[in-house]
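What follows is calculated from the coordinates using simple rules that are stated; it is not laboratory data. Note that the structure is a prediction, hence the values are computed from the model and not measured. Note that we place each Cβ from the backbone using ideal geometry, even for glycine, and neighbour counts take in every protein chain shown.
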Amino acid sequence: MEAENTVRQPAKSPIRRAVSATVLVAALWLGAGIGTASALVQTPSGTPSHEDILRGFDASALSASRDDVAYGGSYDPVGMIIKWQKPIVYKIEGLRARPEAITLAIATLKQQAALAGIAVRAAGAPSEANYTIAFRNVANFDLGDRKAVCYLTYNFNTLGHMQWASLQINLAAPDLERCVRHEILHGFGLLNHPHHLQSVLSYRTDVSDLTEADLVMLRSLYDARITPAMSRLAALVTVDGLIEANRRALNPRAPPKTDPAPVLRDAIADLEKAAANGNVRAMMYLAEAAWQGYGMAKNPGRVQALIDRAATTRDVIARFDLAHALGSGRYVPRDPARSAALYRRNAELGHAVSQNNYAVALRDGIGVPVDRTAALVWFTLAAHGNVAMAERSRQILAKTLPPEQQQEAMRRVAAWKPVPEAAR
Ligand SMILES: [Zn+2]
């Protein structure tokens with residue numbers, strides 16, 4: 001549960017790029033001189049095993065593909081689930097010279113949306129679209145650090161809800177069908193590349209349509225039990241059974257399910273490494289695993305030790321994430337007092353969203369004694385920091401306070417100065 005009016009961290013714009021680069025990747029990797037083709041892409045033989053698909057899900061849905069780094073791609077050891085919750089409203093942009101390409105893109109989008117159970121329709125007006133499919137005709141797209149045949153940009157909020165996606169489809173792509181299906185599948189939340197899998201998302205040039213593994217991953221990602229913003233271990237533990245069920249429904253003769261333990265062990269090792277390097281989210285996710293028993297025995301002592309360590313962070317955003325987790329009971333056991341204390345530290349530094357959330361705690365007495373004058377101070381400061389909800393809360397709260405308390409609050413607002421972290 002979450003306090004009313006608490007603001008979640010506003011959608012930052014962590015626009016990550018997922019790149020399909022069939023031919024260019026080969027050029028990149030030859031140029032970079034990294035290993036050999038066989039070392040980078042194992043040729044999957046025959047039907048993938050259950051473990052192959054589970055690892056593929058980890059690599060693509062949770063962006064935990066180590067192999068991708070070899071291709072200049074990103075690797076997120078603390079990745080979380082991102083998926084659409086609202087209908088997709090698309091628009092077509094760019095070149096119209098190839099109507100069959102447009103038809104293919106729309107049909108592919110509809111096909112994958114149907115598999116995901118997400119509604120899709122054409123935008124009535126361009127401004128209502130949350131999904132753009134743009135057609136270009138270029139030798140390749142220059143993304144600064146690398147070149148791509150086709151690519152996708154996207155945005156999600158901290159609840160893991162996909163907000164918008166924009167696909168750039170290159171009509172000059174050597175395999176247009178592969179480009180279209182690859183990017184559209186990325187756009188559903190399978191955001192990275194399972195190179196070891198028979199998948200249209202891998203950089204295998206011989207795969208241009210969805211494979212059995214792709215269908216299973218997409219269906220499993222959109223099962224209601226896989227929730228947006230789910231952490232890596234929680235998602236892997238839950239998706240294990242979903243992969244088996246979806247796979248069996250599609251292919252009754254699939255090889256028997258294997259134990260997920262090796263996949264979980266690798267994910268835990270990634271998180272431990274990230275936590276050792278100071279990554280607060282990794283600490284939170286490990287705390288969750290030790291709390292819920294994901295891939296490890298339940299261990300309340302370890303849960304507290306991890307939260308204690310995470311709480312020492314000096315990073316404002318990481319501290320906000322932890323405060324939010326402790327306030328909501330997401331990932332870690334709910335601890336309103338500690339949540340309020342962390343919001344307060346951020347508030348004193350001048351972090352506007354934390355100021356709003358600390359004000360909510362003071363107004364409602366969540367983890368701190370009720371102090372409505374102080375709440376008015378922090379709502380006002382947060383409103384000055386452009387938190388829209390804070391201005392509304394400020395107005396409503398001010399009406400309930402006697403004039404002298406309002407004046408006292410205004411006096412404190414005028415005198416307020418941020419306290420730098422170094423001054424603590
Ligand atoms: Zn890609």
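By the count of other C-beta atoms within 10 Å, a proxy for reagent exposure, M284, M217, M410 are ordered fewest to most as M410, M284, M217. Shape verdict for the stretch 149-216, please, from the Cα gyration tensor: rounded (a/c under 1.5), prolate (a/b greater than b/c) or oblate. Cα axes put the stretch 149-216 in the oblate bin.
For K86, a cut-off of 14 angstrom between C-alpha atoms picks up these aspartates and glutamates, skipping any fewer than 8 places away in its own chain: E128. Sorting the segments 326-336, 259-269 by their residues' average number of neighbouring beta-carbon atoms within 10 angstrom, most packed first, yields 326-336, 259-269. Each peptide in 363-369, 413-419 receives the mean, over its residues, of other Cβ atoms within 10 Å, and ordering these scores from highest gives 363-369, 413-419.
Were the residues from Q111 through R136 laid out at 0.36 nm apart, the gain over their Cα-Cα distance would be 6.7 nm. Ranked by how many other Cβ atoms sit within 10 Å of their own Cβ, fewest first, the residues L190, L167 fall in the order L167, L190. Taking the three principal axes of the alpha carbon atoms in the chain, the coordinate ranges are 74, 52, 42 Å, sorted in descending order. Taking every C-alpha pair closer than 8 Å and separated by at least 6 residues, the mean separation divided by the residue count of the stretch 264-398 gives a relative contact order of 14 percent. Full extension of the segment from E93 to Q405, taken as 0.36 nm per residue of separation minus the current Cα-Cα distance, would add 106.8 nm. Counting only lysines at least 8 places from K273 when in the same chain, those with an alpha carbon closer than 22 Å to its own are K298.
Taking amide H as placed 1.01 Å from N in the peptide plane, the amide H of G94 sits under 5 Å from that of F135, each at least 5 places away or on another chain.
Taking label points 7 Å from Cα along the Cα-to-Cβ direction, A297 and A422 give a separation of 4.7 nm. Computed over the chain with a Gaussian network model linking Cα atoms closer than 10 Å, the most mobile of T400, T108, T132 is T400. Listed by Cβ neighbour count within 10 Å, with the fewest neighbours leading, R345, R96 appear as R96, R345.
Neighbours of A245 by Cβ distance under 13 Å: Lys/Arg scored +1, Asp/Glu scored -1, total +2. Rounded to the nearest 20, the size of the Cβ-charge dipole of the chain about its Cα centre is 860 debye, with Lys and Arg at +1 and Asp and Glu at -1. The mean sequence distance of close C-alpha pairs (under 8 Å, at least 6 residues apart), as a share of the length of the stretch 335-424, puts its relative contact order at 26 percent. For the chain, relative contact order (Cα pairs under 8 Å, six or more residues apart, normalised by length) works out to 16 percent.
Expressed as a whole number of Å, what is the distance separating the alpha-carbon centroids of the stretch 274-294 and the stretch 181-255? Cα centroid of the stretch 181-255 versus Cα centroid of the stretch 274-294: 24 Å apart. Beta-bridge orientation, the chain: approximately 45 percent antiparallel, per DSSP, counting only bridges with both partners inside.
A quarter of the convex hull surface defined by the alpha-carbon atoms of the stretch 18-249 gives 12.1 nm² as the mean projection.
Who wins for biggest fluctuation among Q406, Q198, Q112 in a Gaussian network model of the chain, springs between alpha carbons below 10 Å? Of the options given, Q406 has the highest mean-square fluctuation.
Rounded to the nearest 500, the helix-only mean residue ellipticity at 222 nm of the chain stands at -15500 deg cm²/dmol, with each DSSP H run of n ≥ 4 adding -39,500 (n - 2.57). Between I317, I81, I53, the Gaussian network model of the chain with springs among Cα atoms under 10 angstrom shows the greatest mean-square fluctuation at I317. On the basis of the beta-carbon distance and an R0 of 41 Å, D209 and I396 show a calculated FRET efficiency of 0.15.
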